[in-house]
Amino acid sequence: MIAVRKAIYDIERMNMATGEIFNDGSYILYINGTYRGDDEIGNLMHDFSCSDPDDMINKELADRTRYFKETEEGVEAVCKVMEDMREEAKKEEHIDTTLNNIKNLMETLKLSVDQAMDALKIPMSERNIFLDRL
């Protein structure tokens, strides 16, 4: 296969057994992050790879990047987003761990889902979180 170095690739999902296009309504665009053509996409990919806003081509993107990297307000905003992401990841990890514990109790001790959640002392107000994912 010859490597094509395009900026954008239209991707179609295909049924590999029949070779037919899988028309599920999804539309996938692959943007080649290594593309560096002399056009808008090439300039954007260049700017996305820059750690220093002064090296960027697009002034608006450089200014916004500079705000988030070099001003107290911008740095605080980024830190807040990162902290929110960490908290969300912790919640998801707790949910995943609890789901595994529920499943293990059900399988090993042959408990019902309610009995497993009782054994784990899961409050009634939180049970739908787990029931929706089982």
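Summary of values
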{"quantity": "Looking only at region 8-27, and only at residues there that are surrounded by fewer than 10 Cβ atoms within 10 Å (Cβ to Cβ) and touching a Lys or Arg at 6+ places or on another chain (Cβ under 7 Å), the one that is nearest to Asn43 (Cα to Cα)", "calculated": "Ser26"}
{"quantity": "Residue within region 53-68 that is in contact with a Ser or Thr (Cβ under 6 Å, 6 or more places away or on another chain) and at pLDDT 95 or above present", "calculated": "yes"}
{"quantity": "Residue in region 33-45 that is under 22 Å from the mean Cα position of the chain (by Cα) and either aromatic (Phe, Trp, Tyr) or in a helix (DSSP H, G or I) (or both) present", "calculated": "yes"}
{"quantity": "Which numbered condition Thr108 misses (of (1) surrounded by 10 or more Cβ atoms within 10 Å (Cβ to Cβ); (2) closer than 26 Å to Leu134 by Cβ)", "calculated": "(1)"}
{"quantity": "Residue match in region 19-36 (condition: in the same structural domain as Ile8 (by TED's automatic domain parsing) and either more than 25 Å from Lys6 (Cα to Cα) or at pLDDT 95 or above (or both))", "calculated": "yes"}
{"quantity": "Test set (1) within 25 Å of the chain's Cα centre (by Cα); (2) in a helix (DSSP H, G or I) - Asp54 fails condition number", "calculated": "(1)"}
{"quantity": "Conditions (1) outside the structural domain of Ile129 (by TED's automatic domain parsing); (2) under 21 Å from the mean Cα position of the chain (by Cα); (3) of a type in the set (Asp, Glu); number of the one not met by Glu88", "calculated": "(1)"}
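Yes/no per residue for (1) touching a residue at least 24 places away in the same chain (Cβ under 8 Å); (2) touching a Cys at 6+ places or on another chain (Cβ under 6 Å); (3) surrounded by 14 or more Cβ atoms within 10 Å (Cβ to Cβ); (4) in the same structural domain as Thr34 (by TED's automatic domain parsing):
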residue	(1), (2), (3), (4)
Ala62	no, no, yes, no
Phe68	no, no, yes, no
Thr71	no, no, no, no
Val75	no, no, no, no
Glu93	no, no, no, no
Asp96	no, no, no, no
Leu99	yes, no, yes, no
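The values are calculated or read from the model by the stated rules, or taken from the named source; none is laboratory data. In this text the structure is predicted, and so the values were computed from the model without any measurement. Reconstructed Cβ throughout: ideal geometry from the backbone, glycine too, with neighbour counts over all protein chains shown.
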